[in-house]
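**Q** Here it is: the structure, laid out below.
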Amino acid sequence: MRKTSRIWITLLAMACIVALSSAAVLAEGEKTKILYAGWAWPGNQSQEPRIKAFQEANPDIEVEYLYIPLEEYPQRLTAMAAAGELPDVLWTFDTYRYVINGWLEDLTPWLEADPTWDPDLFWGNSLSPGTIRGRLFSLPFQLQCGMIAVNKDVLNRFNLRMPDPDWTWEDLWNLSLRMNRPAQNEYGMEDAYWTWEFYSPAWSDKITWMGLSLDGTRFLYDDPDVAEAMKWSVEFERTNTAESLGLADGSRPDAWGHEAFIEAYGNVAPFEQSKAGFRWDWSWSFGWWHDNWEFDYAVLPSPVGPARQVTPLITDNMGMSASSKNKEAAFRFLRWMTYDIDAWKTRMIVETPVPMSMPVINDESVWDLYLSNEAVPEGMAAVVETLENGLVEPGRSIPGVSEAYGIITPERDQVRMGRANYDDRFPTIVNDQINQLLADTQAAVNEALDEVLGR
């Protein structure tokens, strides 16, 4: 690094330190107002209690929340940026695009100036969506994980014991076989569409979601281990799940909309009718479960595969506008929402009846509060033990992945419906198309980043 660059970073870090203490000299009653934008509609995802708690702890800052529907988010931000009116703090969907547009402040010097900053607090690779070329431009403030819900009433009916947290995918298959009663529309698993994404990383430690390489540069559908995992997931879905009713005749990929599925279950999910023992779901559903499920249930981590046990993670990130006129106040709010331990303790209390987000940081005192919530299901502590092995969904953070899904999904559906063979579609046709798409997209993004960040 050039000497002038080191001096600049040092001066900026010193400025951040001074700014963090500036609230103490504000006149009594004086407030700094910041605008905070996201796509959670008012009343959802606990925005109001979070903001209220922050303002009570920081009476010199007033936070105004601006709701922008996700489908309008890029266009609205573009218009606001052109008018010089970007929010001070904003949710980010594809951080690299925001950086290319010049919308986001580089948080790295701000974090380096904060003695409480510790990147090791964050789970797995959950900082990766906000990291570009070793610099942090956004941080996770919400975390969700996937897991398997268990209808214990169904297990008891078949005289099956609750599996241990280190159960395997083979265990899942064998237990499902013991619960399959097609004549009665009963199956081991409700829906296994998700196995394509989440089973393969357990089979091969070379990939993340959907068969994508760990570095995000190519899909490995021609890898023997990955191919075996994908074929397994299709066979499991067509053999052990209620979805098999809708996939059997190969007429449509959305099995839940098939007339045979609707005739069997109406408009109530099979799992909720105790006609399936297992169900894939996400931590954001806990409030619904607690309020609506009247049967005995628990959760289990995603099973152990031949290579490892992997828990899928989804993060929502936020960043600070590079054009904000209130960066000190904006950073204090961002810090409070992302890695401040006392703030997370507060959030675990004020977000009721159950926190919308799991804690993004690994702090025992915070997790004790989360796990003690009556709406958090039995078995969740075992799921938490797997979070360090978690992998974050890459579609928001790796250029070209979302576009590649548009090619992958229709081809995958042909295999799921029994219309095509995996080996005829993926190792050649699909792999060639999507890997070229990734290469072209990432080359264009890197060229644009060179202009903004330098080589």
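**Q** Of the conditions (1) modelled with pLDDT of 95 or more; (2) buried (at least 21 other Cβ atoms within 10 Å of the Cβ); (3) under 30 Å from ASP171 (Cα atoms), TRP123 satisfies every one except a single condition; which number is it?
**A** All conditions pass for TRP123, except number (1).
**Q** Among the candidates ALA307, ALA343, ALA329, single out the residue that is among the small types (Gly, Ala, Ser) and surrounded by fewer than 19 Cβ atoms within 10 Å (Cβ to Cβ).
**A** Exactly one residue qualifies, and that residue is ALA307.
**Q** Take the residues of the range 368-383 that are in a helix (DSSP H, G or I) and free of Cβ contacts under 8 Å to residues at least 24 places away in the same chain: which is surrounded by the most Cβ atoms within 10 Å (Cβ to Cβ)?
**A** TYR370
**Q** So is THR208 assigned by TED's automatic domain parsing to the domain that holds ASP254, of a type in the set (Val, Ile, Thr) and out of contact with any Phe, Trp or Tyr (no Cβ under 8 Å at 6 or more places or on another chain) or not?
**A** In short, yes.
**Q** What's the number of the condition ARG419 fails, among (1) modelled with pLDDT of 95 or more; (2) surrounded by 14 or more Cβ atoms within 10 Å (Cβ to Cβ)?
**A** (2)
**Q** For a quick check of your reading of the model, give me the residue pairs whose first member lies in the range 272-288 and is under 20 Å from ASP153 (Cα atoms) and of a type in the set (D, E, K, R), whose second is modelled with pLDDT of 95 or more and buried (at least 18 other Cβ atoms within 10 Å of the Cβ), with beta-carbon atoms closer than 6 Å and at least 6 apart or on different chains.
**A** LYS275/GLU186; ARG279/ALA149; ARG279/GLU190; ARG279/PHE271; ASP281/ALA149
**Q** Report those helices (runs of 4 or more DSSP H) wholly inside the range 390-455 carrying at least 3 residues which are of a type in the set (Val, Ile, Thr) and either outside the structural domain of THR217 (by TED's automatic domain parsing) or farther than 26 Å from SER244 by Cβ (or both). Outline the logic, then answer.
**A** On the way: elements: 401-416, 422-425, 431-453.
Counting at least 3 such residues, we get 431-453.
Here's the yes/no breakdown for (1) among the hydrophobic types (A, V, I, L, M, F, W, C); (2) part of a helix (DSSP H, G or I); (3) on the phi > 0 side of the Ramachandran plot:
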position	(1), (2), (3)
PHE261	yes, yes, no
ALA264	yes, yes, no
ASN267	no, no, no
GLY277	no, no, no
TRP280	yes, no, no
TRP288	yes, yes, no
PHE295	yes, no, no
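**Q** Here is a further query. For ASP281, state whether it is within 24 Å of MET162 (Cα to Cα), surrounded by fewer than 22 Cβ atoms within 10 Å (Cβ to Cβ) and either of a type in the set (Ser, Thr, Tyr) or within 21 Å of the chain's Cα centre (by Cα) (or both).
**A** Yes.
**Q** Would you call THR95 at pLDDT below 95 and hydroxyl-bearing (Ser, Thr, Tyr)? Explain how you work it out, then say what you get.
**A** Numbers: at pLDDT below 95: yes; hydroxyl-bearing (Ser, Thr, Tyr): yes.
Answer is yes for this residue.
**Q** Kindly evaluate ALA227 against the criterion of being out of contact with any Gly (no Cβ under 8 Å at 6 or more places or on another chain), assigned to a loop (DSSP other than H, G, I, E, B), of a type in the set (A, V, I, L, M) and surrounded by 20 or more Cβ atoms within 10 Å (Cβ to Cβ).
**A** no
**Q** Can you tell me how many residues within the range 36-95 are of a type in the set (A, V, I, L, M, F, W, C) and farther than 23 Å from THR315 by Cβ?
**A** Residues flagged as of a type in the set (A, V, I, L, M, F, W, C) and farther than 23 Å from THR315 by Cβ within the range 36-95 amount to 7.
**Q** Here's a follow-up. Go through the residues of the range 194-208 one by one and say whether even a single one is over 19 Å from SER302 (Cβ atoms), assigned to a loop (DSSP other than H, G, I, E, B) and more than 20 Å from the chain's Cα centre (by Cα).
**A** For the range 194-208, residues over 19 Å from SER302 (Cβ atoms), assigned to a loop (DSSP other than H, G, I, E, B) and more than 20 Å from the chain's Cα centre (by Cα): absent.
**Q** Look through TRP91, TRP110, TRP117 and report the one residue that is in a loop (DSSP other than H, G, I, E, B) and either out of contact with any Asp or Glu (no Cβ under 7 Å at 6 or more places or on another chain) or in contact (Cβ under 8 Å) with a residue 60 or more places away in the chain (or both).
**A** Values: TRP91 fails: in a loop (DSSP other than H, G, I, E, B); TRP110 fails: in a loop (DSSP other than H, G, I, E, B).
Sole residue among the options that is in a loop (DSSP other than H, G, I, E, B) and either out of contact with any Asp or Glu (no Cβ under 7 Å at 6 or more places or on another chain) or in contact (Cβ under 8 Å) with a residue 60 or more places away in the chain (or both): TRP117.
**Q** Exactly one of these conditions fails for THR168: (1) among the polar types (S, T, N, Q); (2) out of contact with any Lys or Arg (no Cβ under 9 Å at 6 or more places or on another chain); (3) free of Cβ contacts under 8 Å to residues at least 24 places away in the same chain. Give me its number.
**A** Every listed condition holds for THR168 apart from (3).
**Q** On to the next question. Of all residues in the range 147-181, which are surrounded by 14 or more Cβ atoms within 10 Å (Cβ to Cβ), under 31 Å from the mean Cα position of the chain (by Cα) and assigned to a loop (DSSP other than H, G, I, E, B)?
**A** Answer for the range 147-181, where residues must be surrounded by 14 or more Cβ atoms within 10 Å (Cβ to Cβ), under 31 Å from the mean Cα position of the chain (by Cα) and assigned to a loop (DSSP other than H, G, I, E, B): MET162, PRO163, PRO165, ASP166, TRP167.
**Q** Hey, another quick one. Given the conditions (1) surrounded by fewer than 21 Cβ atoms within 10 Å (Cβ to Cβ); (2) of a type in the set (Gly, Ala, Ser); (3) under 21 Å from LEU104 (Cβ atoms), report the number of the one that SER365 does not fulfil.
**A** Among (1) surrounded by fewer than 21 Cβ atoms within 10 Å (Cβ to Cβ); (2) of a type in the set (Gly, Ala, Ser); (3) under 21 Å from LEU104 (Cβ atoms), SER365 violates only (3).
**Q** Check whether at least one residue in the range 396-406 is touching a Leu at 6+ places or on another chain (Cβ under 7 Å), in contact (Cβ under 8 Å) with a residue 12 or more places away in the chain and hydrophobic (A, V, I, L, M, F, W, C), and report yes or no.
**A** Yes: one or more hits.
Each row is one residue, and each column tells you yes or no for (1) closer than 22 Å to MET417 by Cα; (2) at pLDDT 95 or above; (3) among the aliphatic types (A, V, I, L, M).
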{"residue": "PHE236", "(1), (2), (3)": "yes, yes, no"}
{"residue": "THR241", "(1), (2), (3)": "yes, yes, no"}
{"residue": "PRO270", "(1), (2), (3)": "yes, yes, no"}
{"residue": "ARG279", "(1), (2), (3)": "yes, yes, no"}
{"residue": "TRP288", "(1), (2), (3)": "no, no, no"}
{"residue": "TRP293", "(1), (2), (3)": "no, yes, no"}
{"residue": "PRO303", "(1), (2), (3)": "no, yes, no"}
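**Q** Among the numbered conditions (1) crowded, with 20+ Cβ neighbours inside 10 Å; (2) part of a helix (DSSP H, G or I), tell me where VAL354 comes up short.
**A** Only one criterion is unmet by VAL354, namely (2).
The values are calculated or read from the model by the stated rules, or taken from the named source; none is laboratory data. None of the values given here were measured: they were computed from a predicted structure. Ideal geometry is used to build each Cβ from the backbone, glycine not excepted, and the neighbour counts take in all protein chains shown.
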